[in-house]
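The values are calculated or read from the model by the stated rules, or taken from the named source; none is laboratory data. Bear in mind that the values here come from a model prediction, so they are computed numbers and not experimental data. Cβ placement follows ideal geometry from the backbone for every residue including glycine, while neighbour counts extend to all protein chains displayed. Surface areas here come from the heavy atoms of the whole protein model, side chains and all, with no ligands, DNA or RNA. Shrake-Rupley method; radii C 1.70, N 1.55, O 1.52, S 1.80 Å.
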Amino acid sequence: MHLTIVNPNTTASMTRTIGEAARAVAAAGTVIEAVNPDSGPASIEGYYDEVWSIPGMLEEMRARPASDAFVIACFDDTGLDAARSLMAVPVVGIGEAAMHMATLLATKFTVVTTLAVSVPALEHNVHKYGFAHRCARVRACEVPVLELEDPTSDARARISAEIARAKNEDRAEAIVLGCAGMADLAAALSAEHGMPVIDGVAAAVKLAESLHALGLKTSKAGGYAPPRPKAYRGRFASAGVSTDG
Ligand code: 5HY
């Protein structure tokens, strides 16, 4: 299958980290293409960044009609519903995927994300996905997203310290890493803490492969029905869909 991973921020080095994490778990025969838009925020931290990352992300998807599925590689599941409306093939968000995996392994999980500004949107997703009774807490380790790209930063130590607090204070039985930029840290942190530490990029790749293998596609019976053709004006004229999709 051809699986497109879209990092909605515009930081190419993070897209490379995401692509490597995806290829490390992809099945034989899964071709991974990891891309990011060239328009939008360098990182997504909160609601304002999120909304400006969506047009570029959707354009990258629309430019790849032959893809068998898409993964949105931002833990906020940026623009997930819009993407599922636009595309016929499955679209998997790394946040939702990681939470599903965590509930298969533990009665309670904690999400460890980057900055406090990201927490409310993630708490909203926890409720939206129906995991409020399984998610003990959404914590921020106060590491800015782009600091994860800096090999000299103590980002990993600060994430690990927050995991230790989650184990002691939340009685977390599993940890969900709350940023795509943490994808390369999951295995080491899991070994260090002796519990499942889940990376959403890997989780989303395996779920996208499963949906494709089962021949399943997004339902167009309701909320994810294709956008109706209509005029889009001004700077976003190209975003409108025509009668031929
Ligand atoms: C992410 N931001 O996964 C989110 C994490 C966050 O640019 N990639 C980003 O902090 O919301």
If I filter region 172-179 for residues that are open to solvent by 50 Å² or more (accessible area, probe 1.4 Å), modelled with pLDDT under 95 and away from the ligand (no atom under 16 Å from the Cβ), do I get at least one hit?
no
So which residues in region 196-212 are free of Cβ contacts under 8 Å to residues at least 60 places away in the same chain and either over 16 Å from LYS108 (Cα atoms) or surrounded by fewer than 19 Cβ atoms within 10 Å (Cβ to Cβ) (or both)?
SER210
Consider GLU96 carefully, then state whether it is on the phi < 0 side of the Ramachandran plot, without any contact (Cβ under 8 Å) to a residue 24 or more places away in the chain and of a type in the set (Asp, Glu).
no
Regarding ALA186, is this residue surrounded by 24 or more Cβ atoms within 10 Å (Cβ to Cβ) and closer than 23 Å to ASN36 by Cα?
no
Would you be able to tell me the number of residues in region 16-37 that are away from the ligand (no atom under 15 Å from the Cβ) and either within 17 Å of LEU58 (Cβ to Cβ) or touching a Cys at 6+ places or on another chain (Cβ under 6 Å) (or both)?
1
Return only the number of the condition from (1) in a loop (DSSP other than H, G, I, E, B); (2) without any contact (Cβ under 8 Å) to a residue 60 or more places away in the chain; (3) of a type in the set (D, E, K, R) that LYS217 does not satisfy.
(2)
Return the residues of region 102-135 that are assigned to a helix (DSSP H, G or I) and under 15 Å from MET182 (Cβ atoms); say none if nothing qualifies.
ALA102, SER118, LEU122
Let me confirm something: among SER67, SER13, which residue is touching a residue at least 40 places away in the same chain (Cβ under 8 Å), within 13 Å of the ligand (Cβ to nearest atom) and over 14 Å from the mean Cα position of the chain (by Cα)?
SER13
If you scan region 1-57, which residues turn out to be assigned to a helix (DSSP H, G or I), among the hydrophobic types (A, V, I, L, M, F, W, C) and either outside the structural domain of ARG235 (by TED's automatic domain parsing) or open to solvent by 40 Å² or more (accessible area, probe 1.4 Å) (or both)?
ALA12, ALA24, VAL25, VAL51, TRP52
Does any residue of region 46-59 turn out to be within 14 Å of the ligand (Cβ to nearest atom) and among the charged types (D, E, K, R)?
yes
Only unsatisfied item for PRO151, checking (1) touching a strand residue (DSSP E or B) at 6+ places or on another chain (Cβ under 9 Å); (2) open to solvent by 40 Å² or more (accessible area, probe 1.4 Å); (3) in a loop (DSSP other than H, G, I, E, B), is (1)
Being without any contact (Cβ under 8 Å) to a residue 60 or more places away in the chain, touching a Ser or Thr at 6+ places or on another chain (Cβ under 9 Å) and within 16 Å of the ligand (Cβ to nearest atom) is the filter here, so list the residues in region 99-136 that pass it.
VAL119, LEU122, CYS135
In the list ALA186, ALA161, which residue meets the criterion of being part of a helix (DSSP H, G or I), away from the ligand (no atom under 13 Å from the Cβ), outside the structural domain of ASN36 (by TED's automatic domain parsing) and under 18 Å from the mean Cα position of the chain (by Cα)?
ALA186
